[in-house]
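Below: one structure, written as C-alpha cells.
The values are calculated or read from the model by the stated rules, or taken from the named source; none is laboratory data. As the structure is a computational prediction, the values presented were derived from the model and not from experiment. So basically every Cβ, Gly included, is an ideal-geometry build from the backbone, and we count neighbours across all protein chains shown.
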Amino acid sequence: MNMIERDYYTDRSVLLDPYDWFEEMRAKGPVCRMANRDLVLVTGFAEAVELLNNASDWSNAISVSGPLLPLPFEPAGSDITDLIEAHRPEIPLSDLLVAKDGTPHVHSRALISALFTPSRLKANQEYVTQLADRMVRCVVDNRGCELISEIASPFVTFVVSDILGVPEVDRDEFRRIIDLAPPPGNMEAAPPPGKEAEWAANPPTIEGTSPLEFMASYFYRYISERRASPLQDDVLSEFAHASYPDGNQPDIAELIRLSTFLFGAGQDTSAKLIGNAMRYLVDVPGLQDQLRADRSLIPAFIEEVLRLEGSTKVVKRLAKRALRVGDMEIAPGTKVVIAISAANRDPRRWEDPAEFRLNRPGIKQHLAFGRGAHTCAGAPLARYEVRIVFEKFLEHTRSIALCEDRHGTAGNRILDFEPTYSMRGLANLFVKFEPA
C-alpha cells in the first residue's frame, strides 16, 4: 500500500509519525481529499489561516467528536447553520467550549477571560516557580527520570489546579484519573474506512464514569460552595459569580462544562509540549549549552518546537455554506481536517521547514495554538509554565541526555509516540542528568 492510501485514522505507522504522510498528501495540493474517507484535508499554511479565521462560514460543532461520526441530519440547502444548531444536542460533546459557534462561543469565552491574563499568571508565579524547582531538583538529584510521568504530567496538572483553585487534597486523585484515561483521538476509537455509519462514539470510562464526568462531580461541589460564599481570589470563585456580556448569569451546568474542559485541556497539551521540547533540547547539537548560557532564548526555543512538533496535529471544521478553499469547491456539510502539523511545515511559508532554527523569522505566526476566534485560550499559560520548567532544568544541570538503552543514539532514535490522530506526544521519555 502506498503512503497516500494509508488511512490517517487507523494506520499505526501514520499516527506514530505523520509527517511523511502529510508531505505525500501535500503533493496532491494544499487542499485535497483523503483517499479512504469522505473528508477534505488542508495542509497549506495560507489555506489553513484563511479557514481558521473564517468563523462565519465554518462550524466547530464537530471539533471534539471529530469528523468520522455521521452527521445527525442530511445537509440541504445553501446554508445549513440552522440545521447544525437544531441538531447540536445530537452531536457528541458539541456543548464544550471549542465546539461552540457564534454568540454562545463568545459568551463562554468571556467567562474564561480572567483565567490566563498576565496579572493572573503573575499571581501564581511564585507557586509555579517553586513547584518546578522542587520537582526538577528531585529528578536531577536522582540523575534521571521518565520525564512524562515524573515531571510533565504532574507538573502541568498541579499548575492548572492551582490556577483554578482545586484544593490540594483532591489534586492527586485528579492526576490518577487523567493518567488512566486514553489520550484524545486514540486510534482504537476510530472506525475502519467505510464503517463510519455503523460506529458510535464510546467515550473512555474509568470505574464506570468518564474522566469528564468524574471531574464534573468535584467541580459541581467547588462551584456550588463558591456561589454560596463571597467572592474569593481564585478563578472558580470568579466563575461562580460571573455574568455573560449581556448581564445574565450562566447556570452551574455551563460553569462545570467550562471548568472540566479547561482542566483537561490545560494539562494534556502542555505536558506533551514539555516532552516534545526536551527531545529537541537534547538532540539539536549545541542547543542546550546555548540556552544554558543565555536563558532569554528559551521562549524562542519553545516557539520553534511548537512549530515543528506542537501538541495538536489536526483540528476539524464543518462547512456551513458553499465556498472555495484553495482550488477546491466546498459544499455545505463538508467535513474538513486542518492539519496544523503540516501547515506549520509548509515550504511555501517556512524555509527548510523540517529543520530546527532558533530565532526563526516570524516564528510566532505558527498555528500550534490555532488562529482566529478559537485561538487556544490557554496559550499564555502553556508558554509560561513550559518556560519556567526548562529554566529550572538548565539551571540545575550541566548536561542532559536521553537514555541510549531506551531511545538509541542521537542519529538513530527509538521513540514511542502515542498513536492518536489528534495529538502529538511521547508515551515516555527516559532522560539522564549531570547536575550543575
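One residue stands out in the stretch 13-33 among those that are crowded, with 19+ Cβ neighbours inside 10 Å and part of a loop (DSSP other than H, G, I, E, B): the one that is farthest from the chain's Cα centre (by Cα), namely P30. Being without any contact (Cβ under 8 Å) to a residue 12 or more places away in the chain, in a helix (DSSP H, G or I) and not aromatic (F, W, Y) is a property that does not hold for V128. Report, ordered by the first and then the second residue, all pairs with beta carbons closer than 6 Å, sequence separation of six or more or different chains, a first member in the stretch 7-32 that is within 14 Å of G326 (Cα to Cα), and a second member that is among the small types (G, A, S). Close Cβ pairs satisfying both conditions: P30/G44; P30/G326; V31/G326. Criterion applied to D101, D133 was being at pLDDT 90 or above, among the charged types (D, E, K, R) and over 23 Å from the mean Cα position of the chain (by Cα), and the one residue passing it is D133.
Taking the stretch 39-52 as the range and being buried (at least 16 other Cβ atoms within 10 Å of the Cβ), hydrophobic (A, V, I, L, M, F, W, C) and part of a helix (DSSP H, G or I) as the test, the residues that pass are F45, A48, V49, L51, L52. Residue by residue through the stretch 356-382, note down the ones that are touching a residue at least 24 places away in the same chain (Cβ under 8 Å) and of a type in the set (G, A, S). Within the stretch 356-382, A368, G370, G372, A373, A377, G378, A379, A382 qualify.
Within the stretch 416-430, being under 18 Å from F369 (Cα atoms), assigned to a loop (DSSP other than H, G, I, E, B) and not hydroxyl-bearing (S, T, Y) holds for R424, G425. Residues in the stretch 95-150 that are within 26 Å of S56 (Cα to Cα) and in contact with a strand residue (DSSP E or B) (Cβ under 6 Å, 6 or more places away or on another chain): D101 alone.
Is at least one residue of the stretch 35-46 aromatic (F, W, Y) and within 25 Å of D101 (Cα to Cα)? Within the stretch 35-46, one or more residues are aromatic (F, W, Y) and within 25 Å of D101 (Cα to Cα). Residues being on the phi > 0 side of the Ramachandran plot, in a loop (DSSP other than H, G, I, E, B) and surrounded by 14 or more Cβ atoms within 10 Å (Cβ to Cβ) are represented in the stretch 87-106 by at least one member.
The single condition among (1) of a type in the set (G, A, S); (2) within 19 Å of W350 (Cβ to Cβ); (3) surrounded by fewer than 21 Cβ atoms within 10 Å (Cβ to Cβ) that A55 does not meet is (2). Of the candidates A300, A277, A265, the single residue that is under 30 Å from F219 (Cα atoms), small (G, A, S) and assigned to a helix (DSSP H, G or I) is A265.
Might you let me know whether the stretch 245-256 holds any residue that is at pLDDT 85 or above and closer than 18 Å to R120 by Cβ? Checked the stretch 245-256: at least one residue is at pLDDT 85 or above and closer than 18 Å to R120 by Cβ. Restricting attention to the stretch 370-379, which residues are modelled with pLDDT of 90 or more and in contact with a Leu (Cβ under 8 Å, 6 or more places away or on another chain)? Correct list: G370, R371, G372, H374. The number of residues in the stretch 281-315 being over 25 Å from the mean Cα position of the chain (by Cα) and touching a residue at least 24 places away in the same chain (Cβ under 8 Å) comes to 6. Scanning the stretch 362-420 for residues that are buried (at least 17 other Cβ atoms within 10 Å of the Cβ) and among the β-branched types (V, I, T) turns up I363, V386, I388, V389, T397, I400, T420. Scanning the stretch 107-118 for residues that are surrounded by fewer than 18 Cβ atoms within 10 Å (Cβ to Cβ) and under 17 Å from R387 (Cα atoms) yields T117, P118. With the structure loaded, tell me whether V140 is part of a helix (DSSP H, G or I), touching a Pro at 6+ places or on another chain (Cβ under 7 Å) and at pLDDT 95 or above or whether it fails that test. Yes; evaluated as a whole, the condition is true for this residue. Does S63 meet the test of being among the hydroxyl-bearing types (S, T, Y), part of a helix (DSSP H, G or I) and either at positive phi or in contact (Cβ under 8 Å) with a residue 12 or more places away in the chain (or both)? It is false that S63 is among the hydroxyl-bearing types (S, T, Y), part of a helix (DSSP H, G or I) and either at positive phi or in contact (Cβ under 8 Å) with a residue 12 or more places away in the chain (or both).
Conditions (1) touching a Ser or Thr at 6+ places or on another chain (Cβ under 7 Å); (2) on the phi < 0 side of the Ramachandran plot; (3) among the hydrophobic types (A, V, I, L, M, F, W, C), marked per residue:
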| position | (1), (2), (3) |
| --- | --- |
| E5 | no, yes, no |
| T10 | no, yes, no |
| L15 | yes, yes, yes |
| V31 | no, yes, yes |
| R37 | no, yes, no |
